[in-house]
1. Could you give the length gained by full extension between VAL126 and ASP41, i.e. 0.36 nm per residue of separation minus their alpha carbon distance, to one decimal place?
2. With all protein chains present, how much of the accessible area of the chain (probe radius 1.4 Å) comes from carbon and sulfur, to the nearest whole percent?
3. So, R0 is 25 Å and r is the distance between the beta-carbons of TYR32 and ILE61; what FRET efficiency does that work out to, to 0.05?
4. Could you tell me how many degrees, from 0 to 90 and to the nearest 10, lie between the Cα long axis of helix 83-95 and the main elongation axis, the longest principal axis, of the Cα atoms of the chain?
5. For LYS3 and THR88, FRET efficiency with R0 = 22 Å and r from the beta-carbon atoms, rounded to 0.05?
6. Measure nothing fancy, just the Cα-based angle from helix 14-23's long axis to the longest principal axis of the chain, in degrees from 0 to 90, nearest 10.
7. How much accessible area does LEU60 have with a 1.4 Å probe, in Å² rounded to the nearest 10?
8. In the chain, what % of DSSP beta bridges are antiparallel (nearest 5)?
Amino acid sequence: MNKQIIINLPVKNLEKSKSFFSSLGYSFNPQYSSESVAMMDIAPGSIHAMLMTEEFFQNLIDKPLVRAKEGNEVVICLICESREEVDTLIAKAVAAGGRTPHPPEDHGFMYDQGFEDLDGHLWNLVWTAPQA
């Protein structure tokens, strides 16, 4: 069965996007990167995001490119190990130029907040209590 996930995302400026995600602590695999694409390791060995220039991404599809700053089709959700990790990553995203579309949500057993990256893609960070 499937062993890895690779999320393909179009970006306006590949270098700025790499810098943004690097500031959150993510690394990039140079073996699968070029001037047009950069493979970001989210959970090395299992979850990756392939950041692609809009031009490169457009060559892979036969429909118009959705502008994530104008409308969203998907929210990428990442599970964090603690509430503190959620808050730390959100703070780093905002400091790097991202924005938060809503305040944190604390349900006791679950804590989450999202951020919008430089291209408008939505990322939601979630922590759940072990007993949940």
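The values are calculated or read from the model by the stated rules, or taken from the named source; none is laboratory data. Keep in mind that this is a model prediction, so the values were computed, not measured. So basically every Cβ, Gly included, is an ideal-geometry build from the backbone, and we count neighbours across all protein chains shown. Heads up: the accessible areas ignore ligands, DNA and RNA and are worked out on the full protein's heavy atoms, side chains in. Shrake-Rupley method; radii C 1.70, N 1.55, O 1.52, S 1.80 Å.
1. Numbers: separation 85, 0.36 × 85 = 30.60 nm, distance 1.83 nm.
Roughly 28.8 nm would be gained on extension.
2. 53
3. Details: r = 20 Å, r/R0 = 0.78.
Between TYR32 and ILE61 the formula returns 0.80.
4. Here the helix axis deviates by roughly 40 degrees.
5. On the way: r = 29 Å, r/R0 = 1.30.
According to the calculation, E is roughly 0.15.
6. 20
7. Rounded to the nearest 10, that gives 110 Å².
8. On the way: 19 of 31 bridges.
For the chain, the DSSP antiparallel bridge percentage is about 60.
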